[in-house]
């Protein structure tokens, strides 16, 4: 581009931005919250189980204390989607994040199977953090003083050469965070080879754990649902049965704050968590579990329900892709993912521009996830990654927001090209 | 008693026990579980909030993420019963025990307001444990390696001379467990003086905490509901605003596994817990909170509901008192409490006999809470305390169980009198 053309582009971008600010928008693309229409798909849940309905399939009274494993019939529904045999699956409270937090706490303050001591008594504990990744995973590490070691994501999952090297070299490396399907925020799905290597790799720590946050197991956005390899089985086959901790929930299947979370692992890990939980709780909310089992019925019920979710979500993801292509395609100012499922689109802007794009968007009334949130300690060293969450706004609001965002990307990008940044 | 009379009594006791065993009972007095009829009082909950009903009083959508403090309208209902202003009360998950556990975890792994360091980094941490007390409190301490120092209960609460002496002398003493109203298992209610002294006493630890488990705040069994002093206000007035952590739940108001738990404290403690929870959860099950607010409506609704609970429970407590008096009154072999509320009766048997009574009862098909469970480390040094939980069995089963228990007490007591134990 000649200097004149570039200056013209900057002027056009400034004019467009001025018009955008003048519109006084108030839009929010920050978090992966389901839209009201999506929650409405589970409206029947709000009247379930119904008066006089309180017996689980085994005849037990779900209203009373007990049953730390959770309702068998609900565990059977999710055994397939989460790739965990029902016998090795717990149905717990309303948040899988809580389960991950609690596993960290119990490993810090108790002794995890295979460990030589409590993690709290060890000088240094580190986790591998594929980036970009999920900010709440990183918050948990930060909170407990667990060192985070970033590992780049590839199209097949984390860079496994790097993961293998780090895990083999350092006994302080106790775990890795993984969102194996439709990853948050990149949409990447782990290849079978990635999963096999994770299961089989030598680790310096005898108590290494894979936190396998399968949050989007059934959250497809295309006609080609992605299947990933079965980590729990792969770990067992590789002689590392206790390495995998599998998490999932119905938060983005039924209702976001009132769903059911799941934990799957080896018998040894299961016994460990159950023993810890037995001291903490007198059982999960089994009425809510019965409610979910009645509503979803079986694995096919989950699949059919997620088709209805897709019908609401896919147009939003299509709109993001369409607008980004129309507004930024060929400009050299942005690249973005086209996920086949999950809740996020990752937008890459020129190095050093992400924070400024987010700041300018906020000034124009478009709130984005803070730049850097996708990286440990909120620090994206390239300052280039922006996470977009298209699910919550209406289609019209979303279109306005992405159009506005594109204006901001052009402005900041052209400022940079003109040496103003 | 002459030797002959005593021998005759032993023979009669043996005969009665033989007949009891021959009946082949299968009865359970172990845990304070609500009976199915009690749970049935909340049957309407099972169909609430109802389809299309998902707005909180503030207009927010309870189905989505967010609102770590919980629904305001539910906090307002329980502000009075729990003696915590709604602004200082959190509505959380389905278990107050979880909240207590999590407060310990956050104090161990974080830094509680007023603390100089994390408890996990201190050489020794101890809690005062009024005895007899609640086994699950003791389990939490045991689990985290917190030393337990027993303090005897009086009719007015813990022996405050002893509590004051221990708290003032030892900076490792970081807290005390209290069930201030209708205490588990003794039924004791803390006098206003006890509460005032707890609030005002000097403590060697600057971060001393009172775990105030007000589990039976509205669980009256007589026409004279007991009121206790307001600990949170007393602590604030005494210049120790951060000393009180108040817990409660609807577990024994609505349903036992599907209720709502509460946490009340100073602003500093509240901010501390909210900051910790914000990293762990994306909010409580607010649909369940809305369900409870709709069902209970207001403080008067809670009171009326608890009157219906009382109508089911009081006959059971009356039966226990009646049978114990008829079978053991005047024998010198037992003493028992007559609680004005709560869920338990404490039976005292001659020193060294509690374990044997529990063992003999189990042989006769009557399962009791293990002797010693009311004391730290499961160790009742007098081996004299047995906790009875009359709520769950039907009245007929309860009567059989308590009659059988009395047979066991007579047997073991007469064996002892005859030098056989």
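Every read-out reported here was derived from the displayed coordinates using simple, explicitly stated rules and does not represent laboratory data. Given the structure is predicted, the values throughout are model-derived calculations rather than measurements. Please note: Cβ atoms are built from the backbone with ideal geometry, for glycine as well, and neighbour counts cover all protein chains shown.
Classify segment A:341-421 as rounded, prolate or oblate, taking a ≥ b ≥ c as the square roots of the eigenvalues of its Cα gyration tensor: rounded when a/c is under 1.5, otherwise prolate if a/b is larger than b/c and oblate if not.
The shape class here is oblate.
Taking R0 as 56 Å, what FRET efficiency do you get between residue A:26 and residue B:238 from their Cβ-Cβ distance, rounded to the nearest 0.05?
0.75
Considering just Cα atoms, how many Å³ per residue does the convex hull of segment B:81-228 enclose?
Spread over its residues, the Cα hull of segment B:81-228 gives 120 Å³ apiece.
Across the residues of B:284-293, average count of Cβ atoms on other protein chains within 10 Å?
The shielding value for this peptide is 4.
Compute the Rg/Rh shape ratio of segment A:48-297: radius of gyration over Kirkwood radius, all on alpha-carbon atoms.
My calculation puts Rg/Rh at 0.97.
Would you mind classifying segment B:152-290 by shape? Square roots of the alpha carbon gyration tensor eigenvalues, ordered a ≥ b ≥ c; an a/c under 1.5 is rounded, otherwise it is prolate if a/b is larger than b/c and oblate if not.
Here segment B:152-290 falls in the oblate category.
Indicate, rounded to the nearest 5 percent, the antiparallel portion of the DSSP beta bridges found entirely in the protein assembly as shown.
Percentage antiparallel, nearest 5: 45.
Seen from all sides and averaged, what is the projected area of the convex hull of the Cα atoms in chain A, in nm²?
Mean orientational projected area (chain A, Cα hull): 21.1 nm².
Report, for segment A:117-219, the % of DSSP beta bridges that are antiparallel, rounded to 5.
If we restrict to bridges inside segment A:117-219, about 15 percent are antiparallel.
Quick one: grab the alpha carbon gyration tensor of segment A:78-117, order the square roots of its eigenvalues as a ≥ b ≥ c, and give me rounded if a/c is under 1.5, else prolate or oblate depending on whether a/b is larger than b/c.
Oblate.
Of the beta bridges DSSP finds with both residues in segment B:48-297, what % are antiparallel, to the nearest 5?
35
Which order do A:253, A:228 fall in if you start with the one that has the fewest other Cβ atoms within 10 Å?
A:228, A:253
Summarise the partner chain shielding of B:110-123 as one whole number: the mean count of Cβ atoms from other chains within 10 Å of each residue's Cβ.
1
Give me the one-decimal Kirkwood hydrodynamic radius in Å for segment A:112-167, with the sum taken over alpha-carbon pairs.
12.5
Roughly how many Å is it from the Cα centre of segment B:13-28 to that of segment B:371-421, as a whole number?
14
Report D for segment B:283-407 in µm² per second (integer): Stokes-Einstein, Kirkwood Rh on Cα pairs, 25 °C, 0.890 mPa s.
D, rounded to a whole number, is 149 µm²/s.
Among A:286-294, B:195-203, A:304-312, A:141-149, how do they line up from the highest to the lowest mean number of other beta-carbon atoms within 10 Å?
Highest mean packing first, the order is A:286-294, B:195-203, A:141-149, A:304-312.
Build a GNM of chain A with springs between Cα atoms under 10 Å: which of A:379, A:240, A:94 gets the top mean-square fluctuation?
Ranking A:379, A:240, A:94 by mean-square fluctuation puts A:379 first.
Have a look at B:183, B:60, B:191 and tell me which one the Gaussian network model of chain B (Cα, springs below 10 Å) gives the largest fluctuation.
B:60
Taking chain A as the reference, fit the longest principal axis to its C-alpha atoms, fit the long axis of helix A:160-169 to the helix C-alpha atoms, and give the angle between the two in degrees, 0 to 90, nearest 10.
Taking the Cα atoms of chain A, the angle to A:160-169 is about 60 degrees.
Using only Cα atoms, find the angle between the long axis of helix B:3-22 and the longest principal axis of chain B, and express it within 0 to 90 degrees, rounded to the nearest 10.
Relative to chain B, helix B:3-22 is tipped by roughly 60 degrees.
Per residue of A:61-73, how many C-beta atoms from partner chains lie within 10 Å of its own C-beta, taken as a mean?
4
Can you pull the semi-axes for segment A:2-149, root of five times each eigenvalue of the Cα gyration tensor, sorted largest first, whole Å?
The answer is 45, 30, 13 Å, longest axis first.
Before rounding to the nearest 500, sum -39500 (n - 2.57) across all DSSP H runs of length at least 4 in chain B and divide by the residue total; then give [θ] at 222 nm in deg cm²/dmol.
-13000 deg cm²/dmol
Hey, what angle do you get for helix B:395-417 against the long axis of chain B, alpha-carbon based, 0 to 90 degrees rounded to 10?
The answer is roughly 60 degrees.
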